[in-house]
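Chemist: Take a look at this one; I'll ask things after.
The values are calculated or read from the model by the stated rules, or taken from the named source; none is laboratory data. As the structure is a prediction and not an experimental result, all values here were calculated from the model. For neighbour counting, all protein chains shown are included, and Cβ atoms are generated from backbone atoms with ideal geometry for every residue, glycine included. Accessible surface is based on the protein model in full, side chains and every heavy atom, while ligands, DNA and RNA are left aside. Shrake-Rupley method; radii C 1.70, N 1.55, O 1.52, S 1.80 Å.
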Amino acid sequence: MSTHPPREQIGYAPDEYARTNRCARWARAEWGPLYAALREALRADHLRTIPLTSGAVLLTAALQFTQNQTWGFRFVQNIGSVRADDPLPLALARTPLSLFVPALDLPVWGALAQILVVFAIAEIVLGRWRTLVIAYVATLAGTLYARVGIALGPDSPLGLPAADRYVVDTGPSAAVVGLAVFVCRRCRAYVTGAAVIVAMLVETVLKENLAGKEHLAAVAAVMLMCGISAARHRPPGSERTGSSGLPPIQSWKTRRGPAQRRSWW
């Protein structure tokens, strides 16, 4: 005999109870693998699990402090400021550090919060070096897109006005977006990943600027990396299964005999 009280006594109508269960199942399917990975890693090593994230937060805070000083502004600009007007070799040399230079027109706490949350999750799920590579590729994609967009011009849907060549392009936002998409793909949180991409599209439509389109370039680059990663981890022989994912049809004329066993699955 069940000891649980009826659903009506615990405050749930039958329809509401069913909806609650559906939402709980969806949440477990969407975020369960990510939650399990984070819980196990933090339980084992605590903050020692995220040395890259800790260093990135400290470096970003240090660069913010330095660029707000009269003696440090020019120094930070020289080592980490990127513009589409810069020579390409110089821009490529500054791009890695530009990821940790907060944008001057945005509050620094936003950049620090983005790094602390998204970089930490990515470092736990993906590992230190993979997180760093994906962050750099996403940032580099945005940096290179700015040059392509300016070359296309404002008349192209993917183009940018010529004035954007002088915009200082720094901050972790492109890396954060790229890491979020990659982590969602790795943990199969497809709805969350799609929501991130849709948010970037809405941002571009509502506020058409360099940053918004760079975020889309970062998403495109990371989606390409997701495709490469999926192809590399494809099980051997899966390319012979066909588009349906099932084994190829075998001929009934092969390997005849009473002891033959045919396995279709």
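Chemist: Name the residues in region 65-78 that are over 13 Å from residue 97 (Cβ atoms), within 30 Å of the chain's Cα centre (by Cα) and surrounded by 14 or more Cβ atoms within 10 Å (Cβ to Cβ), would you? Even if it seems obvious, please write down each step before you answer.
Modeler: Step one: filter region 65-78 for residues over 13 Å from residue 97 (Cβ atoms), giving 65, 68-74.
Checking which are within 30 Å of the chain's Cα centre (by Cα) leaves us with 65, 68.
Residues satisfying the conditions do not exist here.
Chemist: Being open to solvent by 20 Å² or more (accessible area, probe 1.4 Å) and touching an Asp or Glu at 6+ places or on another chain (Cβ under 9 Å) is the filter; apply it to region 86-112 and report the residue that is nearest to residue 214 (Cα to Cα).
Modeler: 103
Chemist: Got a number for residues in region 170-210 being surrounded by fewer than 18 Cβ atoms within 10 Å (Cβ to Cβ), closer than 26 Å to residue 77 by Cβ and either among the small types (Gly, Ala, Ser) or modelled with pLDDT of 95 or more (or both)?
Modeler: Of the residues in region 170-210, 0 are surrounded by fewer than 18 Cβ atoms within 10 Å (Cβ to Cβ), closer than 26 Å to residue 77 by Cβ and either among the small types (Gly, Ala, Ser) or modelled with pLDDT of 95 or more (or both).
Chemist: Another one. Kindly indicate which of 115, 134, 121, 150 is open to solvent by less than 30 Å² (accessible area, probe 1.4 Å), within 16 Å of residue 54 (Cβ to Cβ) and among the β-branched types (Val, Ile, Thr). I'd like the intermediate steps shown before the answer.
Modeler: Details: 134 fails: within 16 Å of residue 54 (Cβ to Cβ); 121 fails: open to solvent by less than 30 Å² (accessible area, probe 1.4 Å); 150 fails: within 16 Å of residue 54 (Cβ to Cβ).
Result: 115 is the single residue among 115, 134, 121, 150 that is open to solvent by less than 30 Å² (accessible area, probe 1.4 Å), within 16 Å of residue 54 (Cβ to Cβ) and among the β-branched types (Val, Ile, Thr).
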